[in-house]
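*Asks:* Sharing a structure, written as structure tokens. Questions coming.
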Amino acid sequence: MVLEEQTLRYYLKAFNIAIILILIISSFYIFNILNKNIILKNNPLKINKGQSLENIIKDNIINFSYLDIELLKILMKINNLIDNNFIHYGEFNIHNDSSIIDLINIISQPSNIINKITIVEGWSQKELNLELAKHFQDYRTIPYEDIIADTYYFNKNMDFNLFLKKLKESKKDYFNNYINYEISNQYTLNEIMIIGSLLEKEGLDYLDKKIISSVIFNRLNKNMKLQIDASVLYAITNGAYNLNRNLLLSDLKIDHPFNTYKYFGLPPRPISYVGKKTLDIIFENYKTEFLFYFFDNSLNRHVFSITYAQHIKKLNEYRKK
């Protein structure tokens with residue numbers, strides 16, 4: 001019995017030593033795998049939607065064996081259970097001296113390649129759609145009133161709905177800064193966006209937009225028709241602004257809700273995307289007594305008047321030239 005107990009203790013001791021050695025060797029192996037520099041076939045690394053980790057490694061990394069891949073798959077499953085991380089699809093910029101730990105951290109986050117879209121104030125929906133098509137496969141037309149024209153940065157391969165949410169939040173943050181302004185108490189948010197779009201299409205520069213904004217407010221306060229050419233142009237071209245001729249008197253008589261020569265008040269919706277600088281002008285609430293203006297081609301600027309008599313006089317002088 002004593003000999004048998006000694007033999008059992010010997011085997012148990014040997015077994016424990018073997019387990020410890022296996023754990024040490026395994027730990028050493030795992031440590032080396034996780035920290036060895038990866039050699040990429042392509043950079044940026046590209047991951048397709050639904051692509052398995054094994055195929056990601058085979059398609060993009062040179063110095064990984066079958067055993068390395070199996071170990072990494074186990075580690076990724078553990079990572080998913082602990083931190084609820086998963087592999088994102090898209091393109092990722094990987095440095096040459098990156099380790100597998102770096103790789104796991106990078107592909108467990110949205111693409112680290114940053115793109116940008118500049119939405120130009122005064123753009124039509126068609127112009128923005130052409131830009132969106134460069135970055136998103138599943139984009140859709142964004143209403144003018146939903147966003148503010150600006151430059152936006154986003155992760156490559158970002159979901160369009162997330163991108164749109166970011167734009168809407170940016171607009172919300174902007175208007176939160178103007179809650180207590182006089183204009184905010186007089187007009188709804190949508191009406192402010194409509195006024196901004198009229199300024200984008202009518203105004204030539206900062207000062208011109210300021211004066212035209214005062215004309216719009218003056219006319220609205222006096223219950224006068226706005227008589228803005230840009231809204232008529234929007235109406236007869238269905239928002240394309242590609243008339244390729246001057247507006248005719250007959251154009252100003254069309255029965256269309258955006259025809260501000262026929263209907264009082266603001267158009268139903270904005271006629272273009274509006275930028276922050278133009279919205280700043282609206283909230284500035286610049287004051288003048290002007291009620292009329294026209295564009296003088298010889299001066300390449302708008303000419304403003306307080307009374308209708310002054311307006312007709314200046315207009316006739318311009319026509320004589």
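*Asks:* Which value, in Å³ per residue, describes the convex hull spanned by the Cα atoms of the range 184-320? Write out the running numbers ahead of the final one.
*Replies:* Values: hull volume 15.5 nm³, N = 137.
Expressed per residue, the convex hull around the Cα atoms of the range 184-320 is 113 Å³.
*Asks:* Write down, largest first, the equivalent ellipsoid semi-axes of the chain in whole Å, where each equals the square root of 5 times an eigenvalue of the alpha-carbon gyration tensor. If you can, show how the numbers build up before the last one.
*Replies:* On the way: eigenvalues 955, 76, 45 Å².
For the chain, the ellipsoid semi-axes come out as 69, 20, 15 Å.
*Asks:* Right, another one. From the phi of every residue in the range 201-213, what ³J(HN,Hα) in whole Hz does the Karplus formula 6.51 cos²θ - 1.76 cosθ + 1.60 yield, where θ is phi - 60° and glycine or proline is x?
*Replies:* 8, 9, x, 8, 8, 4, 5, 4, 5, 4, 5, 4, 4
*Asks:* Given Cα pairs under 8 Å that are at least 6 residues apart, what percent is the relative contact order of the range 114-174?
*Replies:* 42 percent
*Asks:* Let me ask something else. Counting Lys and Arg as +1 and Asp and Glu as -1, what is the net charge of the other residues whose Cβ lies under 13 Å from the Cβ of residue 299?
*Replies:* Numbers: positive: 301, 314, 321; negative: 208, 296, 317.
Overall, the nearby charge balance is 0.
*Asks:* Assuming R0 = 45 Å, can you tell me the calculated FRET efficiency for the pair residue 19 and residue 108, based on Cβ-Cβ distance, to the nearest 0.05?
*Replies:* Working: r = 32 Å, r/R0 = 0.71.
Approximately 0.90, to the nearest 0.05.
*Asks:* Now for a different question. With r as the distance between the Cβ atoms of residue 189 and residue 255 and R0 = 25 Å, compute the FRET efficiency 1/(1 + (r/R0)^6) and round to 0.05.
*Replies:* Details: r = 28 Å, r/R0 = 1.13.
It comes out at approximately 0.30.
*Asks:* Right, here's the next one. What net charge do the residues around residue 218 carry, taking every other residue with its C-beta under 11 Å from that of residue 218, with Lys and Arg at +1 and Asp and Glu at -1? Before the final figure, lay out the partial values.
*Replies:* On the way: positive: 219, 222, 287; negative: 289.
After counting each charged neighbour, the total is +2.
*Asks:* Given H placed on each backbone N at 1.01 Å, which residues far from residue 122 in sequence or on other chains put an amide H within less than 5 Å of it?
*Replies:* For residue 122, the qualifying residues are 273, 274, 275.
*Asks:* Let me ask another. R0 = 45 Å: FRET efficiency of residue 240 with residue 309, Cβ-based, nearest 0.05?
*Replies:* Numbers: r = 37 Å, r/R0 = 0.82.
E between residue 240 and residue 309, to the nearest 0.05, is 0.75.
*Asks:* Sticking with this structure for a sec: Using a Gaussian network model on the chain with a 10 Å cutoff between Cα atoms, which of 284, 54, 145 fluctuates the most?
*Replies:* 54
*Asks:* For the range 270-321 and the range 83-121, what is the centre-to-centre distance using only Cα atoms, to the nearest Å?
*Replies:* Distance between centres, Cα-based: 49 Å.
*Asks:* Please give the net charge around residue 193, taking every other residue with its beta carbon less than 10 angstrom from that of residue 193, where Lys and Arg add +1 and Asp and Glu add -1. Intermediate values should be presented prior to the final figure.
*Replies:* Working: positive: 171, 269; negative: 145, 146, 191.
Spelling it out: positives minus negatives among the neighbours equals -1.
*Asks:* Here's a follow-up. How many angstrom lie between the C-alpha centres of the range 230-262 and the range 162-195?
*Replies:* Result: 27 Å between the Cα centres.
*Asks:* For the chain, calculate the relative contact order in percent as a whole number, restricting contacts to Cα pairs under 8 Å that are 6 or more residues apart.
*Replies:* Working: 422 pairs, mean separation 48.1, N = 321.
About 15 percent, as a whole number.
*Asks:* Work out the length of the dipole vector of the range 271-321 about its Cα centre, built from +1 on the beta-carbon of each Lys and Arg and -1 on the beta-carbon of each Asp and Glu, and round it to the nearest 20 debye.
*Replies:* On the way: 9 positive and 5 negative charges, 50 e Å.
In debye, rounded to 20, the range 271-321 gives about 240.
We did not get these values from a lab; they are worked out from the coordinates using the rules stated. A quick note: this is a predicted structure, and the numbers were derived from the prediction, not measured. Neighbour counts are summed over all protein chains in view; Cβ atoms, including those assigned to glycine, are modelled from backbone coordinates with ideal geometry.
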